[in-house]
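Working notes, structure below.
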Amino acid sequence: MEQNEVTVQVPMNIALVKYWGKRDEQLILPLNDSISLTVDKLTAETTVRMIEGVGKNTVEINGKNVELSSNKRYQTVFDEALRLQRKRKELSDSNGNSTSISHYFQVISTTNFPVAAGLASSAAGFAAIALGIQRLLNLDDSQANRLARIGSGSACRSMFGGLVHWKKGEKEDGSDCVAVKTCDSNWPDLYCIILVFNDGRKKVGSSEGMRRTRETSTLLQHRIESIVPQRIDEIKKAYSSRNFENLAKVIMADSNQFHAVCLDTSPPIRYLNDASWHLIELVEKFNEEQGIRAAYTFDAGPNACVIVQKKDAKQFIDAVLKTIDIPEDDLKLAGEELSETFR
Ligand code: 2P0
């Protein structure tokens, strides 16, 4: 009898070199490689049940039912899981006969950070579903990676700790499009400070934004061909040699270029707000004083993720509280005060 329920806890990740644009929308194959840091304190705790019989798939996130008819990705993931299960059953059935039994899924997920506010919540959510299904069906890592990816591209980067490189691959079937952990030893002193300026839903969803950029931006191709490959190498080098200054420079440059590409889209997409810009200016000023000790990065929303080394974290938070015109209570520092990178 197969185990039919599993609970997993999966962290979110923050891209240091951003993924933006797909070469295949169905399989979610990206136009460029990306690289991310896994943030272990921001998690989606998820229970996945696979139930025998005929029934309706359900997904509940933070106590609310997700309308699956308008969120087709869940159905895609469940269909793919059942296809993999059938394949496995056929292989293990020596007669080659497979009796087809219906199944459906129930998913209950709780995140400890805002959903869809540009904080890669879908990454942790779909990675958790993929990991849960992997455990239930004994899938191999590449199957689980693909399941996560077809749920949400960036989710395949949340299946590992530390620094993770998602390779775009070349093949049409996506078989060489995988995320891999890229540095053996992690950098435990790297901290990620999350500043939530707005936890509402983003105005232009990532999928729509990427499509629009791919169709209209003239900068995107230049970024993909001439900028990203070099930046991926620079991040790996800086991370493995613990060179914070070089790491920070690339992180900030890539965040800025990602938002520049969004502005180079028609109609233009603006994810940053005034608070985001205040934070950018604050980090620049902080870095002018004693060398580069903080790096900001923003995803598809106004909330900031600032990467610092542990030794500088307190001073940076003090600088934020002194300078930014928001009450301390509104500045929600995720997890405990700080969020340590994963493993
Ligand atoms: C990233 N983002 O690399 C980039 C940076 C947002 C900005 O991946 O359509 O939710 O599900 O593949 O993964 C957000 O996009 O998009 C994202 P889909 P996803 O983290």
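The values are calculated or read from the model by the stated rules, or taken from the named source; none is laboratory data. Worth saying up front: this structure is predicted, and the values here are computed from it rather than measured. Methodologically, a virtual Cβ is constructed for each residue, glycine included, from the backbone with ideal geometry; neighbour enumeration extends over all protein chains shown.
Within region 26-45, the residues that satisfy the criterion of being near the ligand (Cβ under 8 Å from one of its atoms) and over 12 Å from the mean Cα position of the chain (by Cα) are 28, 30. Residues of region 49-67 include at least one that is free of Cβ contacts under 8 Å to residues at least 40 places away in the same chain, within 21 Å of residue 207 (Cβ to Cβ) and away from the ligand (no atom under 16 Å from the Cβ).
Exactly one residue out of 173, 184 is at pLDDT 95 or above and assigned to a loop (DSSP other than H, G, I, E, B): that is 173. Looking only at residues of region 19-59 that are among the basic types (Lys, Arg) and closer than 22 Å to residue 131 by Cβ, we find that the one that is surrounded by the most Cβ atoms within 10 Å (Cβ to Cβ) is 41.
A quick yes/no check of all residues on (1) of a type in the set (Lys, Arg); (2) within 16 Å of the ligand (Cβ to nearest atom); (3) in contact with a Leu (Cβ under 8 Å, 6 or more places away or on another chain); (4) modelled with pLDDT of 90 or more:
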| position | (1), (2), (3), (4) |
| --- | --- |
| 261 | no, yes, yes, yes |
| 265 | no, yes, no, yes |
| 279 | no, no, yes, yes |
| 293 | yes, no, no, yes |
| 321 | no, no, yes, no |
| 328 | no, no, yes, no |
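Scoring residue 208 on the criteria (1) free of Cβ contacts under 8 Å to residues at least 12 places away in the same chain; (2) over 26 Å from residue 150 (Cα atoms) leaves a single failure, condition (2). Restricting attention to region 136-160, the residues that are under 13 Å from the mean Cα position of the chain (by Cα) and not in a helix (DSSP H, G or I) total 2. Being among the basic types (Lys, Arg), within 14 Å of the ligand (Cβ to nearest atom), within 24 Å of residue 267 (Cα to Cα) and surrounded by fewer than 20 Cβ atoms within 10 Å (Cβ to Cβ): is that true of residue 211 here? So residue 211 passes the test.
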